[in-house]
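Working notes, beginning with the structure itself.
The values are calculated or read from the model by the stated rules, or taken from the named source; none is laboratory data. Everything numeric in this text was worked out from a predicted model, so none of it was measured. Note that each Cβ is placed from the backbone with ideal geometry, even for glycine, and that neighbours are counted across all protein chains shown. Just so you know, the surface numbers come from the protein's heavy atoms only, side chains and all, with ligands and any DNA or RNA stripped out. Shrake-Rupley method; radii C 1.70, N 1.55, O 1.52, S 1.80 Å.
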Amino acid sequence: MLTCQNIFRFFPTKNNRRMRAIDREIRMILRGIIGKKERAIKNGEASSDDLLGLLLESNMQQSNGKANLGLSIEDIIQECKLFYFAGMETTSVLLTWTLIVLSMHPEWQEQAREEVLHHFGRTTPDFENLGRLKIVTMIFYEVLRLYPPITFLTRRTYKAMELGGIKYPAGVNLMLPILFIHHDPDIWGKDASEFNPQRFADGISNAAKHPAAFFPFGGGPRICIGQNFALLEAKMALSIILQRFSFELSPSYIHAPYTVITLQPQHGAQIRLKKI
Ligand code: HEM
């Protein structure tokens, strides 16, 4: 259905023209990367140890030269765009908020650093021990609670159903406000708006009155496919930063979370790093 909002997408405004030009450029770059990889796989030169290689290889096996089977090049372009956006932007804002919040709470920054130095000293963090970081994990959960990179989810009822005592017909769009639920004092207690990683000391399901109240990665069959990878990546990056620097907010920092698809600090994150 065309609504006023999406009709505007077709107008040749300056923004729309720019958006289309960027989209064309990204598609052209991706087509180039995909074509190169495809040729390399056909010539037996490429290893399929990256996502694009795996997608193309499974596509070639499934379609076996037949059209309409497997993923089309258009599907693969969409997958590349999805993984880039879903994986990059979200993890980068998680790290940004974590540096901001740990600057505001130096006592937690110090505890996190002690834990990192205890496990790794000055050596590069390894996969095995990253899983043992308890304080750092509690801090990330608390940052994801207060500043979830994705602030809401949408779902649509595919048949008539009852949810929480309310009956919905098929085709109703539901909005699940992650940000509001993560800040609700009825669920998290009076200190819901405060940074307190301690609430996650006994795990996610014991942190709130409702075990499913924490859902920064969504839930159900469409839950974020990259959640473990994201946390691992974030732990690795934060550990390396903590090993080398202490950090604090610059006086020019203004705390103003706002949403541009992801939840971001509106005026940037001005942080002073001090080598240690
Ligand atoms: C802090 C980091 C991240 C957060 C907060 C996050 C959050 C989310 C959320 C809320 C969804 C929607 C889930 C739902 O509808 O129930 C989602 C989906 C998705 N995420 Fe993430 N994500 C993160 C990192 C990543 C990374 C690193 C990757 C890939 C490497 C990734 C790949 C995806 C993909 C492919 C989907 C779509 C899954 C589907 O529709 O079946 N995400 N993510």
Quick one: length gained pulling M175 to H118 fully straight, 0.36 nm per residue minus the C-alpha distance? 16.2 nm
Amide H to amide H, which residues 5 or more places from L153 or on other chains are under 5 Å from it, using H placed in the peptide plane? L176, I178
Would you please give the residues with an amide H less than 5 Å from that of F245, counting only those at least 5 places away or on a separate chain, with H modeled from the backbone geometry? I276
Magnitude of the Cβ-charge dipole of the chain, K/R +1 and D/E -1, about the Cα centre, nearest 20 debye? 1020 debye
Counting helices only, and only those DSSP H runs with n ≥ 4, report the 222 nm mean residue ellipticity of the chain as the sum of -39,500 (n - 2.57) divided by its residues, in deg cm²/dmol to the nearest 500. -16000 deg cm²/dmol
Compute the Rg/Rh shape ratio of region 141-276: radius of gyration over Kirkwood radius, all on alpha-carbon atoms. 1.03
So if I place +1 on the C-beta of Lys and Arg and -1 on the C-beta of Asp and Glu, and nothing else carries charge, what would the dipole magnitude of region 73-170 be about its Cα centre? I want it in debye, nearest 20. 440 debye
So for the chain, if I pair up every lysine 8 or more residues apart or on another chain, how many of those pairs have alpha-carbons under 30 Å apart? 22
Using a 7 Å offset from the Cα along the Cα-to-Cβ direction at both Q266 and D126, what is the distance between the two label points in nm, to one decimal? 4.7 nm
Could you please state how large a percent of the accessible area of region 42-177 is carbon and sulfur, counting protein chains only and using a 1.4 Å probe? 57 percent
Using +1 at the Cβ of each Lys and Arg and -1 at the Cβ of each Asp and Glu in region 132-248, identify which of L133, P197, V172 lies farthest towards the dipole's positive end. V172
By Kyte-Doolittle mean hydropathy of at least 0.0 and Cα axial length of at least 15 Å, which whole DSSP H helices of the chain are selected? 51-63, 73-104, 134-146, 227-244
extent check for region 84-192: Cα max minus min per principal axis, descending, whole Å, gives 58, 36, 22
For q values of 0.13, 0.25 Å⁻¹, compute log₁₀ I(q)/I(0) with the Debye formula on a Cα-only model of region 190-253, without solvent. -0.59, -1.14
Among Y84, H105, V116, the residue whose Cα sits farthest towards the positive end of the charge dipole of region 66-122, when +1 is placed on the Cβ of each Lys and Arg and -1 on the Cβ of each Asp and Glu, is Y84
Can you check what the Kirkwood hydrodynamic radius comes to for the chain, Cα pairs only, in Å to one decimal? 22.0 Å
Mind listing the Cα extents of region 128-178 along all three principal axes, in Å, largest one first? 48, 21, 18
How high is the FRET efficiency between I73 and F8 when r is their beta carbon distance and R₀ equals 22 Å, given to the nearest 0.05? 0.15
If the chain between E45 and M60 were fully stretched, how many nm would it gain, using 0.36 nm times the residue separation less the Cα-Cα distance? 3.9 nm
With a 1.4 Å probe and all protein chains left in place, how much accessible area per residue does the chain have, in Å²? 63 Å²
Return the carbon/sulfur percentage of the accessible area of region 179-264, one whole number, probe 1.4 Å, all protein chains in place. 59 percent
Shape box of region 92-143 [Cα atoms, principal axes, largest first, Å]: 26, 21, 16
